Each structure stands twice: as C-alpha cells, then as structure tokens.
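Values quoted throughout were computed directly from the atomic coordinates according to the rules given, and no laboratory measurement underlies them. None of the values given here were measured: they were computed from a predicted structure. Here the Cβ is made from the backbone with ideal geometry for all residues, glycine too, and neighbour counts use every protein chain on show.
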DNA sequence: GTCATAACGGTTCTCCAGTTCCATTAAGCA
DNA sequence: TGCTTAATGGAACTGGAGAACCGTTATGAC
C-alpha cells in the first residue's frame, strides 16, 4: 500500500470541482475583497476545514481557479482578413468583460493577482495561453503580406485587448462593441505602420 | 456659537494630511488587500477611532486619497510634434507605474476602485482629469493638420496609456521605456489612420 | 474483500479588525 | 478671554475569520 500515495480520484476531484465552482460564484457576487472561504465551503456543500487546508487563503483558491480556467480554451475563429480576425477577438473579449457573470469574475481574478504572487503567476499564464492561441492570425497576415516581416504577433493581440481592459479597470467607460471594433481597427493600423516590429522607428 | 459649526481648520486638516500620507505609505507596503486602518492610524500618530469615524472603511480612505491625488496636477510638456508629445506622456505614465513607490500605490488604488463604488468614482474622476490635461496636444495636432478633424482627442490619450496598464495588471510584462515608446507610436499610427474618429470605418 | 491511510468534516478555540462608550482637547465665535 | 461643542483619543467590548484538534469517510493497493 506504499506510504504517501496521492489520491486525486473520485471524492477529491469532486470536491475540487465543487469548490472552484462555488468560488467563481462567490467572486461574481461579492468580488475578491469580500471572498469568504466559509461561504465558499457552504456553497460547495463541503467542510470549511477542507477549503482552508487545501487552498489556505482566498488568493490560493483564486490561483487554482485560474489554473483551471486556463485549461478550458475557447476556439479561435479564422476569417480571411486580419481586421476581421482581430475584430472577432476584440468582440470575444468585449462580450466576456461585459457579461454579467464573466465580467465580475475577471475583475475579481485580476484583483487577486495584484494581491498574491501565486495568483499573479496563474493569471499571467492564463493570458499567455490566450494570447498564444490568437497570435497565429497575425502571423498569417504576415504571410499574406498584409503586415511587415519581423512583427511581434503577440504584442498585436495584446494591443487589441488593452483598450478594453483600460475601460474596465481604469477609466470606467463602458466596454461596448464600438470600443471593441475601434480597438481592432487601431491595432491593425498601428501594426501596418510598423509599430510592433522589433526595430521600431516608423515615424 | 451657532449649533452645527464645521471645523475643518487646524487640527482636522493636519489629521487628514497625516492619515492620507500614512495611508499611501501603507498601500505601497502592503497593498489594498492588507490595508489595516489601525496600522494607518499608528503611522499617522492618530487615534484608531478617528480613522474609523472619519473614513469608515479602507475603501473610503482610498477614495479620499484619490480625491486628494486628483488635485495635485503634474504639468504637461509641449513639443512641436504629436509623436513627441505622446511619447512624453507615455514615458510619464511609464515612470509612474515603474516607480517603486508610485507603482504599488497606483495598483492599490485601482484595486480599491474595483471593490468600492466611491473609490471607483474617485479613480475615474482622477483619470478624467489627467486625460483632459493631455487632450489639448492631440487637438493641436489636428490644427497642424497632422490628424483628421473629428478625432476623439481623449480616446487617443487613453490609447497611449492602455498598453502600459495592460502590462502592469494583466500580462505582467515589464513596463519599460520600450513599451512606452511603442504605445505612443501605435497611438499616433492608429490616430492618423482614422481609428479614433467618430465615423470610424477606415479599413 | 480487507487494510492502511489520504482526505474530509464537525467542533472548539484564539485572535484581531471594527464598534461603542466616554473622557479629553482644541477650533470657532462672542 | 471664556464658553460651546466639534473633533480627537484611549479603553473596553464584540463578532467573525481562520487555526487546531480529532473523529469519520472512502480511496487505492493488495
């Protein structure tokens, strides 16, 4: 029976799924600042002790939730044009941030990342995955000669999202489809002008 | 002696200044999540009761701090070119966010804004002030015919900052001068292409 | 099926953030 | 200068988050 056997099957996995789901619900309702582990435990119909032992703190729980979220990838669309592809990406981000459930959830995990190194690491990994998933549409645009060679594909993807997150977190302006479309158009214009190439001096 | 006289002079003002300064110090060190009002009080050499009574919660204290910060405006530079102006703006934001004191402070107040409506209101007002201060350099570029008429000047300013805040809060990439320069260049390119005009359809 | 133990869960205890209460200080006005 | 009371400050009180303890469940190996 070997001492020290890990038992991830059955109950353990079920508890994890229940707790992560409950944590997401609680984050949507109360935000990270008012996340109560006892509340999460009762939502998940699980003992308080279990939550404290396995995840320790609210930040640790969010870090695990982010790891879980990173594994569920959403499919990328593929139209024939860079602007269309990036607009699809921008609108996906816009829908997510404006969604009554996903929006508060993302705000909560972003807040958690600023409070805890593990949560920060998990958040950065989450976005690294998402950005890498969409970078190919920029590389395809390079192959179609829509964009100059040597462009930083991932930076273009980040440029599409940045204005939307800025609205969500900084300026407080609404994250609507107009903003999404403008973000995509701006990124395309800047990319074509060579703003995201390594030896950038297009002025 | 008129019942209900407000007494903002002398001691009250001194207490406010001391507490706001101490709050900023505490935010820099521990972040908003671990902001302890008792700690703020002892730093300010002020009674705990006073802090709880006047500001109530950590979020309320941050909201007042932001109101105070909004009143201290930093002067805007003015070169002759749009790219130079926006680069100066981007580098100012970059220096602020990368600063060992200002960076953590801004992260903390942004976090506070996601947790409390009053803090959010104060943060949005703070940025509205800063953006309005810099918008004229875009309008001057329009007058110099560097940019098309009908452009949203404030949106251009926001576009300069957005990638830097995205790095700070989302991707975790370093907020360095390269990023600042690229942000300015991208904003100029997008603006010249008409991405920030009202009837945007430049594709 | 049987056993050892990893993992869960209820109860109790502890500690501290936040509140309440009242005494003390000093701002503002005559 | 003296009076009223706004505002501060110390001390005791309270509620709930999180830790500690130990009994219970059920997983995984044989």
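Relative to the dominant Cα principal axis of chain B, helix B:102-115 is inclined by about 80°.
Comparing mean-square fluctuations of B:12, B:177, B:114 from a GNM of chain B with C-alpha springs under 10 Å, the top value falls on B:12. Across the identical copies, the label point of residue B:5 (7 Å from Cα in the Cβ direction) is separated from its matches by 8.2 nm, in order from shortest.
Under the Kirkwood approximation for Rh and a Cα-based Rg, what ratio Rg/Rh is obtained for segment B:82-203?
Working: Rg = 14.9 Å, Rh = 15.0 Å.
Rounded to two decimals, Rg over Rh is 0.99.
Distance from the Cα centroid of segment B:174-188 to that of segment A:45-84 is 30 Å (rounded to whole angstrom).
If the viscosity is 1.567 mPa s and the temperature 4 °C, what Stokes-Einstein diffusion coefficient in µm²/s follows for the protein assembly as shown when Rh is the Kirkwood radius over Cα pairs? Show your work: numbers first, answer last.
Numbers: Rh = 22.9 Å.
Calculated translational D: 57 µm²/s.
Computed with the Debye formula from one identical point scatterer per Cα of segment B:54-118, without solvent, the log10 of I(q)/I(0) at q = 0.12, 0.13, 0.15 Å⁻¹ comes to -0.42, -0.48, -0.60.
From helices alone, chain B scores -22000 deg cm²/dmol at 222 nm; the rule is -39500 (n - 2.57) for each run of n ≥ 4 DSSP H residues, then divide by the residue total.
Backbone N atoms of segment B:131-165 closer than 17 Å to the 7 Å Cα→Cβ label point of residue A:178 belong to residues B:150-159. If you line up the long axis of helix A:177-192 against the longest principal axis of chain A, both from Cα atoms, how many degrees apart are they, to the nearest 10? That works out to roughly 50 degrees. Label-point distances for residue B:174 to the equivalent site in the other copies, using a point 7 angstrom along Cα→C-beta, read 4.1 nm when ranked shortest first. Its relative contact order, with pairs defined as Cα atoms under 8 Å and 6+ residues apart, puts segment A:82-158 at 27 percent.
To the nearest ten degrees, helix B:82-98 and the longest principal axis of the Cα atoms of chain B are 30 degrees apart. Per the Kirkwood formula applied to alpha carbons, segment A:1-124 shows a radius of gyration over Rh ratio, Rg over Rh, of 1.07.
Considering only alpha-carbon pairs that sit under 8 angstrom and 6 or more positions apart, the relative contact order computed for segment A:116-203 is 28 percent. Once C-alpha pairs closer than 8 Å and six or more residues apart are averaged by separation and normalised to the residue number of chain B, the relative contact order reads 21 percent. Ranked from shortest, the separations from the 7 Å Cα-to-Cβ label point of residue A:36 to its equivalents in the other copies are 2.3 nm.
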